[in-house]
Amino acid sequence: MLPLALAPFGLSSPWLFLAIGAAFGAVLERSGFGDSRRLAAQFYFTETRVLRVMFTAIVTCLLLLTAASTLGVLDFRALAIPPTYLSSALLGGLLLGVGFVVGGYCPGTSIVSAATGKVDGMFFLGGVAVGVFAFGETADGFRTFWDRSGAMGVVTLPDVLRLPFGAVVAGVVLMALGMFALASVLERRIGRVPVAPRGGRAAARGPRALRAGALAALLVALVGLARPATGAGSAAARVELLAPTLDAELAAGTVRTDPLEVLGLLHHRIGGAPARFRLVVLDVRPEADFNRFHLLDAERTTLDALRGEAGRALAGPAYTTAVKVLVSNDGRDAVEAWRLLRAHGARHAYVLDGGVNLWLDVFRDGRTDARATDDGERLRHAFPSALGARHPFARPPLALLERLLATKARSSPCVVRPVTKAAKASGGCG
Amino acid sequence: MTRKAPAPYWNPTVGGVVLGVVLFLAYLLTGSGLGASGGIARGVLAVEKAVAPDHVDRSAVLSAWGGGTRDPLDHPLVWGVMGVALGGFVSGRLAGRARIETYSGPRVGRRTRWVLALAGGAVMGFAARLARGCTSGQALSGGAVLAVGSWVFMLAVFAGGYAVAWPLRRLWK
């Protein structure tokens, strides 16, 4: 696997969204989706454009994502995969199908239709506005159903079918081809579409054998090779798969933060300037060490917890913009914890360089030139009693930080990046 | 005034492949797929917030997007929807298809078609919010990343459509 930075790149420029939207609109228009008759024809088998364009697009995109993921340049799990709400998806889907036949469009295609001057598209778009308004006004009444019924979180087909990723992709390809063939048959039988003239049988045989061979090769390659670089599997497995990327990040020096910088964070400063952000200090040391001393407001957790639900939650939407600092006695376990958080997809995670040992070296003992050492995760400092965060150096005063910064007694590069507004968009139409 | 015949539509396979590449680029660059109904819903909410901000704050569903200091329009999909309109218009213009007209089935009058479009749109707007996405955001984008809910949704859309297609065949045939 290549040690490359992982896509998605998380770009969030309005111009980019506009450009992607414009490309989407143009493709819809060119595919004939601005014409309600062509869309409705799907349901009478006179023309199965909707099915063909949609499934060709899904297969194309899925194969590209799979290729990028297998090469290790794309983190499949970091994509905005829409969470599953079975009941509302089923009910909403059925209703939407009815609206499709009655109205002749779907929201995206009606925008294209209205933009090209089709009056029925404009009425449809107005109807969509009425519909979303009606939903907004009534949904509080059935919010429990909407939010809870059949809510499974982010799950993918490989998860629920318990099949390898590549096998599911191969299955989707086969299913799409099967549906295209079925659609051709139904177009002829039900839609009465005349059969397009074809070349002689003998002429068709060569390419057909070739096509079958290529398809077989693709399917074998998918089942044999394809895997989402970081798609499925346990957090530990993902850490292993992501190792080259994570090692590169660690080597680039954008992960370990000096005690001085973390003290700045405790005083709500990033890069020396006051900043507004949420700080989450996670302490992965044993309970006894934690009870003796920990940073102010630190939460105790364990590597095991981070492998499971706790780690997933920290990568979730509630913590998207929180700055997460991982603390251990000398920093080694904290790096492990950092790898787990990154494997879950968390951003803005950092490691307190040198851990609690270096922290106390610098602030309590005043050894401003101290460096991180490997102490085998042993708490080097002694405490007369278990003070926890009541210890005066759980958060040394701002004055000390300012003095150290002013005298340049300890130089520390700025590693923590300011947190911008939630960069990641929610999936799709959500 | 003479008018050139509009350019033919793309072959569905070509359209599908290009659409797939656009979707892939959207995922690769931004991490999210495509969408439409979300952008429309946010536009509606912005109007609602301008008229009755207190009402938006009191509703759990509405305040999630537009309560307090939240700006409903501060979302990529709002830009995306504007892009869809722009791209659709430019493409239709270049193809000679951008003109005021009404598409309807052979047996349906213009007025009837407008009423039906409005009604179908209303059903779909409600349904798209219920399903947390429409054909673009849920079926297409979610389907391409193998989300379970998206595949359930997609099958339900076709099931719902085919269930009423035959009784309503006079609309389109």
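Values computed for the structure shown
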quantity	calculated
Options A:Pro396, A:Pro418, A:Pro384; residue that is more than 27 Å from the chain's Cα centre (by Cα) and loosely packed, with under 14 Cβ neighbours inside 10 Å	A:Pro384
Any hit, the stretch A:332-344, residues being in contact with a helix residue (DSSP H, G or I) (Cβ under 8 Å, 6 or more places away or on another chain), in contact (Cβ under 8 Å) with a residue 12 or more places away in the chain and in a loop (DSSP other than H, G, I, E, B)	no
Selection within the stretch A:30-40 - facing another protein chain (nearest Cβ under 7 Å), outside any loop (DSSP other than H, G, I, E, B) and of a type outside the set (D, E, K, R)	A:Ser36, A:Ala40
Filter pass, A:Leu51 being more than 7 Å from every other protein chain (Cβ to nearest Cβ), of a type in the set (A, V, I, L, M), part of a helix (DSSP H, G or I) and surrounded by fewer than 24 Cβ atoms within 10 Å (Cβ to Cβ)	yes
Selected residue [of a type in the set (A, V, I, L, M, F, W, C) and buried (at least 18 other Cβ atoms within 10 Å of the Cβ)] from B:Val81, B:Val47	B:Val81
A:Ala68 modelled with pLDDT under 95, surrounded by fewer than 24 Cβ atoms within 10 Å (Cβ to Cβ) and within 21 Å of the chain's Cα centre (by Cα)	yes
Residue within the stretch A:338-349 that is surrounded by fewer than 16 Cβ atoms within 10 Å (Cβ to Cβ) and over 30 Å from B:Leu77 (Cα atoms) present	no
Qualifying helices (runs of 4 or more DSSP H) (wholly inside the stretch A:73-190; at least 1 residues being out of contact with any strand residue (DSSP E or B) (no Cβ under 9 Å at 6 or more places or on another chain), facing chain B (nearest Cβ under 7 Å) and in contact (Cβ under 8 Å) with a residue 24 or more places away in the chain)	A:86-103, A:107-115, A:119-138, A:157-161
Residues (out of contact with any Lys or Arg (no Cβ under 8 Å at 6 or more places or on another chain) and under 26 Å from A:Ala19 (Cβ atoms)) located in the stretch B:48-72	B:Arg70, B:Asp71
Only one of B:Ser150, B:Ser104, B:Ser141, B:Ser136 that is buried (at least 20 other Cβ atoms within 10 Å of the Cβ), at pLDDT below 95, of a type in the set (Gly, Ala, Ser) and within 29 Å of A:Ala139 (Cβ to Cβ)	B:Ser136
Qualifying positions in the stretch A:253-277 - at pLDDT below 90 and under 22 Å from A:Gly331 (Cβ atoms)	A:Gly253, A:Thr254, A:Arg269, A:Ile270, A:Gly271
Hits in the stretch B:155-170 - residues which are crowded, with 24+ Cβ neighbours inside 10 Å and more than 7 Å from every other protein chain (Cβ to nearest Cβ)	none
Residue check, B:Gly133 under 18 Å from A:Gly108 (Cα atoms) and part of a helix (DSSP H, G or I)	no
Scan of the stretch A:324-337 for residues that are surrounded by fewer than 24 Cβ atoms within 10 Å (Cβ to Cβ) and closer than 23 Å to A:His267 by Cβ, ordered by number	A:Lys324
Helices (runs of 4 or more DSSP H) completely within the stretch B:1-115 that count 3 or more residues being more than 7 Å from chain A (Cβ to nearest Cβ)	B:37-51, B:53-58, B:60-66, B:76-94
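The values are calculated or read from the model by the stated rules, or taken from the named source; none is laboratory data. Computed from a predicted structure; not experimentally measured. Every residue, glycine as well, gets a Cβ built from its backbone with ideal geometry; the counts of neighbours run over all protein chains shown.
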